[in-house]
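The values are calculated or read from the model by the stated rules, or taken from the named source; none is laboratory data. All values reported here derive from a predicted model rather than from experimental measurement. Heads up, the Cβs are rebuilt from the backbone with ideal geometry, glycines too, and the neighbour counts pull from every protein chain shown.
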Amino acid sequence: MGKIILTGDRPTGKLHIGHYVGSLKRRVELQNSGEFDEIFIMIADAQALTDNADNPEKVRQNIIEVALDYLSCGLDPKKCTLFIQSQIPQLTELSFYYMNLVTVSRLQRNPTVKSEIAMRNFETSIPVGFFTYPISQAADITAFKATTVPVGEDQEPMIEQTREIVRKFNSIYGDALVEPDILLPDNKACLRLPGTDGKAKMSKSLGNCIYLSDTEEEVKKKVMSMYTDPNHIQVSDPGQVEGNTVFTYLDAFCKEGDFEKYLPDYKNLDELKDHYKRGGLGDVKVKRFLNSILQAELEPIRQRRKEYEANIPYVYQVLKEGSQKAEAVAAQTLQGVKEAMKINYFEDLDFIEEQARKYKGQE
Ligand code: TRP
């Protein structure tokens with residue numbers, strides 16, 4: 001059995017650097033590692049509609065944004081299959097059968113869904129589609145027989161639920177599905193990058209994101225006005241690095257060679273942190289350092305984005321071809337699922353014959 005990746009994002013906005021360190025960068029590394037036989041990257045528009053039913057235009061507009069973000073980060077259509085969820089009808093069919101294997105109370109226990117319900121003030125009126133999206137996510141993953149699902153920490157409950165569905169399906173109907181493993185980011189700071197204002201999460205509505213498509217000036221402005229330690233007022237004051245967004249970002253982005261290139265007075269991040277903690281190191285200096293690192297990381301992404309932006313029909317063509325390929329794979333899995341469930345009546349000629357004999361005997 002091959003090693004297969006499936007992952008994806010809801011197209012509800014442009015992707016930001018939290019997505020980048022949390023998953024996109026890793027995806028590109030996995031793509032280039034040559035370790036995987038197939039890599040499927042899905043734009044989860046159908047899932048986005050589960051809480052945006054009244055705003056399909058938002059989802060529609062963001063499909064191209066997310067696709068541009070993917071391509072500009074270095075995902076290569078020759079090495080991975082980029083596709084749009086809603087174009088694969090087999091996913092809804094699989095979801096319908098999986099629904100029989102999950103209880104309402106099990107869905108209610110899903111901590112990510114729980115917090116999303118609270119965030120959206122859905123408590124008294126949860127759309128059924130939203131409530132059941134973990135099941136549809138199990139369909140996304142199993143349709144491609146994914147062995148590996150690289151995602152952020154918040155997706156852990158979805159993968160666990162998928163594994164439960166797979167085990168239940170296989171134990172009832174026979175082994176037709178593959179149990180996937182989650183692949184979390186290995187750098188702790190990358191698990192969930194805070195917003196530039198220090199709030200726990202980057203979110204469009206909070207206006208605290210640095211987007212992959214931001215210009216050099218926008219990035220600089222956001223970095224220079226980032227939340228640090230509110231008690232670090234004078235340069236000479238001792239400062240705190242825990243909960244200090246600039247240092248959290250450095251934990252996520254700083255790599256070997258960055259000090260030599262941009263801040264040769266220090267050997268490494270520990271030394272910089274020690275100085276900050278002792279006092280005598282100003283925020284502006286640390287922010288400039290972070291800005292240099294971010295710009296270097298984002299510049300090639302911006303360049304590639306410009307190239308793809310000049311060729312939007314090509315990007316849609318990539319998604320179309322990817323969706324056709326994805327559909328063929330999902331169709332095969334669905335066939336196997338229907339066979340296992342014995343709802344493949346017209347293909348099961350033995351069964352038809354057997355039925356014929358049975359009724360003949362009754363005459
Ligand atoms: N839930 C994911 C998100 O919010 C998107 C997604 C949908 C997904 N289906 C998936 C991720 C299957 C991994 C695997 O970003």
Set Ser125, Ser136: member being surrounded by fewer than 16 Cβ atoms within 10 Å (Cβ to Cβ), farther than 15 Å from Ala340 by Cβ and either without any contact (Cβ under 8 Å) to a residue 40 or more places away in the chain or not aromatic (Phe, Trp, Tyr) (or both): Ser125
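Let me confirm something: among Lys79, Lys14, which residue is under 17 Å from Phe144 (Cβ atoms) and more than 11 Å from the ligand (Cβ to nearest atom)?
Working: Lys14 fails: under 17 Å from Phe144 (Cβ atoms).
Answer to the selection: Lys79.
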Scope the range 145-183; condition among the aliphatic types (A, V, I, L, M) and either closer than 30 Å to Pro230 by Cα or out of contact with any Leu (no Cβ under 7 Å at 6 or more places or on another chain) (or both); matching residues: Val151, Met158, Ile159, Ile172, Ala176, Leu177, Val178, Ile182, Leu183
Qualifying residue in the range 45-60 (condition: surrounded by fewer than 23 Cβ atoms within 10 Å (Cβ to Cβ), under 16 Å from Arg305 (Cα atoms), out of contact with any Phe, Trp or Tyr (no Cβ under 6 Å at 6 or more places or on another chain) and at pLDDT 95 or above): no
Unique residue being hydrophobic (A, V, I, L, M, F, W, C) and more than 30 Å from Met99 (Cβ to Cβ) when the list is Val329, Val337, Val318: Val318
Qualifying residue in the range 261-269 (condition: in contact (Cβ under 8 Å) with a residue 60 or more places away in the chain and surrounded by 17 or more Cβ atoms within 10 Å (Cβ to Cβ)): no
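Considering only the range 123-138, how many residues are more than 16 Å from the ligand (Cβ to nearest atom) and under 14 Å from Val104 (Cβ atoms)? Quick ask: steps written out before the conclusion?
Going residue by residue through the range 123-138, those that are more than 16 Å from the ligand (Cβ to nearest atom) are 123-126, 128.
Filter once more, so that each one left must be under 14 Å from Val104 (Cβ atoms): 126, 128.
Of the residues in the range 123-138, 2 are more than 16 Å from the ligand (Cβ to nearest atom) and under 14 Å from Val104 (Cβ atoms).
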Test: residue in the range 88-105 that is acidic (Asp, Glu) and either over 18 Å from the mean Cα position of the chain (by Cα) or more than 21 Å from Lys14 (Cα to Cα) (or both): yes
Only one of Ala310, Ala296, Ala330, Ala340 that is over 30 Å from Ser171 (Cα atoms) and surrounded by 14 or more Cβ atoms within 10 Å (Cβ to Cβ): Ala296
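Residues of the range 37-53 being outside any strand (DSSP E or B), more than 9 Å from the ligand (Cβ to nearest atom) and not aliphatic (A, V, I, L, M), which ones? Please lay out each step first, then the result.
Within the range 37-53, the subset outside any strand (DSSP E or B) is 37, 44-53.
Now narrow it down to the ones that are more than 9 Å from the ligand (Cβ to nearest atom): 37, 45, 49-53.
Within the range 37-53, Asp37, Asp45, Thr50, Asp51, Asn52 qualify.
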Candidates Glu116, Glu164, filtered to the one that is out of contact with any strand residue (DSSP E or B) (no Cβ under 9 Å at 6 or more places or on another chain), in a helix (DSSP H, G or I) and at pLDDT below 95: Glu116
Members of the range 139-183 found to be surrounded by fewer than 22 Cβ atoms within 10 Å (Cβ to Cβ), charged (D, E, K, R) and within 10 Å of the ligand (Cβ to nearest atom), listed by number: Asp154
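Could you tell me how many of the residues in the range 27-36 are part of a helix (DSSP H, G or I) and either without any contact (Cβ under 8 Å) to a residue 24 or more places away in the chain or touching a Pro at 6+ places or on another chain (Cβ under 7 Å) (or both)?
Our first condition is that a residue be part of a helix (DSSP H, G or I); within the range 27-36, this holds for 27-33.
With the extra rule that they be either without any contact (Cβ under 8 Å) to a residue 24 or more places away in the chain or touching a Pro at 6+ places or on another chain (Cβ under 7 Å) (or both), the set shrinks to 27, 29-30, 33.
Final tally of qualifying residues: 4.
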Candidate set: the range 82-93, residues that are in contact with an Asp or Glu (Cβ under 8 Å, 6 or more places away or on another chain) and in a helix (DSSP H, G or I); chosen: the one nearest to the ligand (Cβ to nearest atom): Gln85
Number of the condition not met by Pro111 [criteria: (1) surrounded by fewer than 18 Cβ atoms within 10 Å (Cβ to Cβ); (2) modelled with pLDDT under 95; (3) over 20 Å from Gly22 (Cα atoms)]: (3)
So Thr148, is it touching a strand residue (DSSP E or B) at 6+ places or on another chain (Cβ under 7 Å) and within 29 Å of Gln31 (Cβ to Cβ): yes
Subset of the range 84-113 [in contact with a strand residue (DSSP E or B) (Cβ under 6 Å, 6 or more places away or on another chain) and of a type in the set (A, V, I, L, M, F, W, C)]: Ile84
